[in-house]
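Written below as structure tokens is the structure these notes are about.
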Amino acid sequence: MAAKTVSPNGINDYLESNNSGKLSQNEFIANIIKRNEVELKSLLENDSFKENELAQRILRDSEAMNQIEIEIKYKGYIDRQTVQIESFVRNEEIRIRLTSNTRRSNHFRPRQLRNSHALSLTPSDKPCELQVCDRRTFLQ
């Protein structure tokens with residue numbers, strides 16, 4: 001349904017009543033749903049969608065309608081958050097090695113960045129006390 005377009009003459013009255021800008025040409029429904037002034041339920045209740053079977057089925061399922069609206073309106077935020085999570089997971093796996101200057105107990109020597117918080121390094125500790133190792137250096 002998001003790939004479908006709607007014509008201006010069928011939707012401009014609705015948009016104007018919701019203080020949203022009018023269309024001058026056909027527009028994808030997803031782009032209309034992204035507008036802050038537009039709610040999916042009220043959009044689908046518009047006369048333009050009375051004959052659309054999918055729109056009527058969505059109207060009957062409030063959970064599906066809510067999920068569709070969230071996915072369309074917040075897709076950019078969700079995608080960006082997914083990229084940040086993937087980056088965080090990759091960074092957790094970075095291998096580290098403590099330099100010989102580190103004055104920490106030898107019984108705990110983290111091998112990955114995600115475990116280095118247990119060292120409780122203070123701001124006065126030199127950043128060079130932790131070395132990020134690429135795979136070849138670490139295996140030597």
Reported set for segment 42-72 where residues are within 15 Å of Tyr14 (Cα to Cα), touching a residue at least 12 places away in the same chain (Cβ under 8 Å) and surrounded by 13 or more Cβ atoms within 10 Å (Cβ to Cβ) is Leu43, Leu44, Glu45, Asn46, Ser48
Residue, nearest to Ile72 (Cα to Cα), within segment 1-41, restricted to residues that are aliphatic (A, V, I, L, M) and open to solvent by 40 Å² or more (accessible area, probe 1.4 Å)
Ala2
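The values are calculated or read from the model by the stated rules, or taken from the named source; none is laboratory data. Bear in mind the structure is a predicted one, so any value in this text is a computation, not a measurement. Positions of Cβ are backbone-derived with ideal geometry, glycine not excepted, and every protein chain shown enters the neighbour counts. Accessible surface areas use protein heavy atoms only, side chains included; no ligands, DNA or RNA. Shrake-Rupley method; radii C 1.70, N 1.55, O 1.52, S 1.80 Å.
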